[in-house]
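Working notes, structure below.
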Amino acid sequence: MRRKGREKFDLTEEELAFYDLLSSKEKVFENYEEIRSIAKEIVKELGYYVKLADWNKKDYLRAKIKVALKNILIRTIDARISYEDIDKIASEILMHAEAVYVSGS
């Protein structure tokens, strides 16, 4: 199933992991193409940070990543949900990033 989903949406394994998380929030996003685009942008944005040693243990890096994630979400869904909801989703994405990248290293 994961391989099929990856091929169908032209996503890497990492992008698909974020796609799965975001698609569970159907009421926030307008369509699956929007979710796909955000998932790709998240992986692109995280790319630099996850290459740094112990990125997930350094509060200032986690804060920078969370701000970057919020900016991605604000650009896409700002008018549809509250800032508090954007903050919550960004926190979930950050926790998911740790599961994807830290457990995978």
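Below is a table of values for the structure above.
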{"quantity": "Filtered trypsin sites (Lys or Arg not before Pro), region 19-105: DSSP coil and at most 16 other beta carbons within 10 Å", "calculated": "Lys25, Lys27, Lys51, Lys58, Arg80"}
{"quantity": "In Å, descending, principal axis extents of the Cα set of the chain", "calculated": "35, 34, 17"}
{"quantity": "Lysine-lysine proximity count for the chain, Cα under 18 Å, sequence distance 8 or more or distinct chains", "calculated": "20"}
{"quantity": "Value of [θ]222 nm, deg cm²/dmol, for the chain, DSSP H segments ≥ 4, -39500 (n - 2.57) each, nearest 500", "calculated": "-22500 deg cm²/dmol"}
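Laboratory data are not the source of any read-out in this text; all were calculated from the coordinates shown. The model shown is predicted, which means the values in this text are computed figures rather than measured ones. So basically every Cβ, Gly included, is an ideal-geometry build from the backbone, and we count neighbours across all protein chains shown.
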